[in-house]
Amino acid sequence: MNDTSAPPRTRTYSWADPKVDMAALMAMSGLDQLRARMTGGARPPIADTLDFDLVELEHGRVLFAGRPAEYLYNPIGTVHGGYAATLLDSALGCAVHTTLKPGFAYTTVELKVNYVRALRADTGPIHCEGRVIHVGGRIATAEARVTSPDGTRLYAHGTTTCLVFAANEGKGA
């Protein structure tokens, strides 16, 4: 049970305005969009909320670093599975994003997550690497793994199917 006599913990954070210039983004490849974000663009608010960062990227591959923490705990005293699922979804989607040509976007159609080992505040830093499996004209698939930084401990793994489309699709040409 929780110790109700202990003082409550607090967490305060800030985030940048998430508005983006879509016309400028759509003129860039997906890889260039993510590079621009990494080298001076504002972090997406979800990265501030859950405290994780995109630390490496190349065509078809990305690496995120995260820090499981107590504020992510569920009622049974471990980091909520939604944290690993969000890291996986981010790595999977960004891996696909790195393959997009200018003017194209994607959306997740399916996300499959497998939990292997619990995350806790004392787990320490973790990595989540996403890699593209296939990118076709309309469908892309990718896989990702949440591990210790040295890759020796697996915490979760997952796959995705994404729909790839022209960014102006459906806007009434």
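The values are calculated or read from the model by the stated rules, or taken from the named source; none is laboratory data. All of these numbers come straight from a predicted model, not from anything done at the bench. Cβ: placed from backbone, ideal geometry, glycine included. Neighbour counts: every protein chain shown.
Odds and ends about this structure:
Here is a yes/no grid of residues against (1) assigned to a loop (DSSP other than H, G, I, E, B); (2) crowded, with 21+ Cβ neighbours inside 10 Å; (3) touching a residue at least 24 places away in the same chain (Cβ under 8 Å):
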| residue | (1), (2), (3) |
| --- | --- |
| Leu119 | yes, yes, yes |
| Asp122 | no, no, no |
| Arg131 | no, no, yes |
| Ala140 | no, yes, yes |
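- Checked against the criterion of being crowded, with 20+ Cβ neighbours inside 10 Å and in a strand (DSSP E or B), the candidates Ala105, Ala91, Ala156 yield just one match: Ala156.
- Output for the stretch 105-138, where each listed residue is more than 19 Å from the chain's Cα centre (by Cα) and more than 27 Å from Val79 (Cβ to Cβ): Gly136, Gly137, Arg138
- Residue in the stretch 66-78 that is of a type in the set (Phe, Trp, Tyr) and under 15 Å from the mean Cα position of the chain (by Cα) present: no
Rundown of residues vs (1) in a loop (DSSP other than H, G, I, E, B); (2) modelled with pLDDT of 90 or more; (3) within 17 Å of His97 (Cα to Cα), yes/no style:
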residue: Met1; (1), (2), (3): yes, no, no
residue: Tyr13; (1), (2), (3): yes, no, no
residue: Ala16; (1), (2), (3): yes, no, no
residue: Leu31; (1), (2), (3): no, yes, yes
residue: Leu34; (1), (2), (3): no, yes, yes
residue: Arg43; (1), (2), (3): yes, no, yes
residue: Val55; (1), (2), (3): no, yes, yes
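- Scope the stretch 139-173; condition modelled with pLDDT of 95 or more, more than 19 Å from the chain's Cα centre (by Cα) and within 14 Å of His97 (Cβ to Cβ); matching residues: Phe165
- Among the residues of the stretch 57-75, those that are more than 16 Å from Gly124 (Cβ to Cβ), in a strand (DSSP E or B) and in contact with a Ser or Thr (Cβ under 9 Å, 6 or more places away or on another chain) comprise Leu57, Glu58, Arg61, Val62.
- Test: Leu25 is under 24 Å from Val135 (Cβ atoms), under 12 Å from the mean Cα position of the chain (by Cα) and among the aliphatic types (A, V, I, L, M): no
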